[in-house]
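Chemist: Before we start, here is the structure in question, set down as structure tokens.
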Amino acid sequence: MSREDINFISQFIEKKRLEELYKKIEENHTIKILTNPTEQTLLVPVKDPISEGEFYAGEVLVTSTIVEVNGVKGWSMVMDLNEELSLQTAVLDASFEAGIYKEEIVSLLEKTAFNLEKQEEIINKKVNSTRVSFDLM
């Protein structure tokens, strides 16, 4: 598990489990909010496969936060307007880097990643079942 995976995977962690871990960190360590959860928009770049040019397809709403846990900075950017998730993810990121509850964080992220893969497999099976074979026509 790498630090770069935290922002993506944390958005799918069971809310109760994430809150429990956040409270555990908050009770035992110093959390300093450097940048409050802030909503922003990002332009989504798209590459045209024919001309190989790039253009922007639109904007995406995100929430970003920067914190410091025991002197180590953490950052998050999550989809939509979700200040609580953004704050918790930034604290998770800083704690991971500082080695605070690292095994617990990795375990939670790995379980969530495994569940995401299983959900994706289920969706892929459903989609694949609708595939049409034109060889028979």
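Chemist: Probe of 1.4 angstrom, ligands and nucleic acids ignored: what's the accessible area per residue over segment 1-131, in square angstrom?
Modeler: Details: 8570 Å² over 131 residues.
Accessible area per residue: 65 Å².
Chemist: Can you tell me which aspartates and glutamates have their Cα less than 20 Å from the Cα of Lys126? Leave out same-chain residues fewer than eight positions away.
Modeler: Glu117
Chemist: Calculated from the structure, semi-axes √(5λ) of the Cα gyration tensor in Å equals which of [x] 25, 17, 15; [y] 34, 21, 12; [z] 59, 17, 13?
Modeler: [y]
Chemist: Taking the 0 to 90 degree range and rounding to the nearest ten, how far is the long axis of helix 15-28 tilted relative to the main principal axis of the chain, both from C-alpha atoms?
Modeler: Once rounded, the angle reads 20 degrees.
Chemist: Between Lys118 and Leu43, with labels modelled 7 Å along Cα→Cβ, what's the label distance in nm to one decimal, could you check?
Modeler: Inter-label distance under the simple model: 4.2 nm.
Chemist: Let me ask something else. Note the angle between two axes, namely the Cα long axis of helix 102-128 and the longest principal axis of the Cα atoms of the chain, as a number of degrees from 0 to 90, rounded to the nearest 10.
Modeler: The answer is roughly 20 degrees.
Chemist: Here's another thing I want to ask about it. So if each residue of separation counts as 0.36 nm, and I subtract the Cα-Cα distance between Glu52 and Arg17, what length gain in nm does that give?
Modeler: Working: separation 35, 0.36 × 35 = 12.60 nm, distance 4.35 nm.
Here the segment from Glu52 to Arg17 would lengthen by 8.2 nm.
Chemist: Going highest first, how would you order 52-59, 85-92 by mean Cβ packing within 10 Å? Each step should come with its number before you reach the end.
Modeler: Working: 52-59: 9.4, 85-92: 26.6.
Ranked by mean Cβ neighbours within 10 Å, highest first: 85-92, 52-59.
Chemist: A further question follows. Calculate the length of the line joining the C-alpha centroid of segment 48-126 to that of segment 1-37, in whole Å.
Modeler: 10 Å
Chemist: If you take the beta carbon distance between Val106 and Met79 as r and set R0 to 22 Å, what does 1/(1 + (r/R0)^6) give as a FRET efficiency, to the nearest 0.05? Before the final figure, lay out the partial values.
Modeler: Values: r = 23 Å, r/R0 = 1.03.
Plugging the Cβ-Cβ distance into 1/(1 + (r/R0)^6) gives 0.45.
Chemist: Another question about this same structure. For Val60 and Asp135, what does the FRET efficiency come to when R0 = 35 Å and r is the distance between their Cβ atoms, rounded to the nearest 0.05?
Modeler: Working: r = 40 Å, r/R0 = 1.14.
The formula returns an efficiency of 0.30 here.
Chemist: Filter Lys15/Lys118; Lys23/Lys118; Lys102/Lys125; Lys24/Lys73; Lys47/Lys125; Lys15/Lys102 down to the pairs with a C-alpha to C-alpha distance above 25 Å, please. Before the final figure, lay out each step's value.
Modeler: Working: Lys15/Lys118 19 Å; Lys23/Lys118 29 Å; Lys102/Lys125 34 Å; Lys24/Lys73 18 Å; Lys47/Lys125 28 Å; Lys15/Lys102 19 Å.
Distance filter (> 25 Å) returns Lys23/Lys118; Lys102/Lys125; Lys47/Lys125.
Chemist: Additional query: Taking the chain as the reference, fit the longest principal axis to its C-alpha atoms, fit the long axis of helix 83-98 to the helix C-alpha atoms, and give the angle between the two in degrees, 0 to 90, nearest 10.
Modeler: 70 degrees
The values are calculated or read from the model by the stated rules, or taken from the named source; none is laboratory data. Computed from a predicted structure; not experimentally measured. So basically every Cβ, Gly included, is an ideal-geometry build from the backbone, and we count neighbours across all protein chains shown. Accessible surface areas use protein heavy atoms only, side chains included; no ligands, DNA or RNA. Shrake-Rupley method; radii C 1.70, N 1.55, O 1.52, S 1.80 Å.
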